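Every number in this text was worked out from the coordinates using simple rules, so none of it is lab data. Not measured: the values here are computed from a predicted model. Note that we place each Cβ from the backbone using ideal geometry, even for glycine, and neighbour counts take in every protein chain shown.
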Amino acid sequence: MISIRTCIGLCAISALVTSVVPAVQAAESSTVTVREAWARATPPGIRVGGGYVTVVNSGTQPDRLIGASSPLSDKTEIHASETTGGMARMRWLEKGLEIPAGKEVVLAPGGVHLMFMGLKQPIVKDEVVPVTLRFERAGEIAVELRAGPIGSLKSPGAISGGAGATHSH
Ligand SMILES: [Cu+2]
């Protein structure tokens with residue numbers, strides 16, 4: 001009897017949690033899309049890597065890229081590269097990156113990028129890095145970054161046979 005009651009109690013709790021989830025997913029009405037999603041292949045033994053996307057905000061409200069994650073790395077941060085006094089360095093954008101209304105923002109080598117920290121495996125050329133981007137308004141958008149060669153400076157092009165950057169809906 002006790003175990004049945006416990007089960008009923010747990011079921012009630014999980015039903016409650018499930019009913020809360022749809023309110024969090026605002027992506028349905030989002031006007032943010034992601035394209036030109038790519039990453040750089042990494043040499044063996046290197047545990048950091050870079051990812052790049054173009055974010056298009058076709059809406060009338062500004063949005064903000066506030067976070068990212070990938071199953072391939074412990075952490076995925078939004079970084080800005082800058083050169084000060086001839087020294088190239090990277091800065092973590094802890095408040096994220098604004099995506100102004102009606103604009104597109106390009107993340108590219110030498111500028112703002114996604115930084116994979118603590119890679120669990122090397123990023124291999126022509127393979128895909130799944131990344132979830134988190135926006136203040138648009139919510140989460142899942143993208144697949146196609147890996148170009150080590151050190152590449154531009155996108156290897158769209159993934160053949162389908163959309164390279166997939167919107168979450
Ligand atoms: Cu970086």
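Taking R0 as 22 Å, what FRET efficiency do you get between Met90 and Asp126 from their Cβ-Cβ distance, rounded to the nearest 0.05? For R0 = 22 Å, the calculated efficiency reads 0.25. Sorting 112-121, 46-55, 97-106 by their mean Cβ neighbour count within 10 Å, with the most densely packed peptide first, gives 46-55, 112-121, 97-106. Electrostatic tally near Arg91: other residues with Cβ closer than 13 Å to its Cβ, Lys and Arg +1, Asp and Glu -1, net -1.
Under the criterion of Cα pairs below 8 Å and six or more residues apart, the relative contact order for segment 57-137 equals 45 percent. Close amide H partners of Ile123, meaning residues 5 or more places away or on another chain with modelled amide H under 5 Å apart, are Thr42. Length available on full extension from Thr60 to Lys75: 0.36 nm per residue minus the Cα-Cα distance, which gives 2.3 nm. The residue list Gly111, Ile99, Ile66 was ranked by how far each Cα lies along the charge dipole of segment 40-169 toward its positive end, using unit charges on Cβ atoms, and Gly111 comes out on top.
For segment 47-129, a/c is not less than 1.5, where a ≥ b ≥ c are the root eigenvalues of the C-alpha gyration tensor, and a/b does not top b/c. That puts it in the oblate class.
Annotation: lysines with alpha-carbon distance below 22 angstrom to Lys75 (same-chain offsets under eight excluded): Lys95, Lys120, Lys125.
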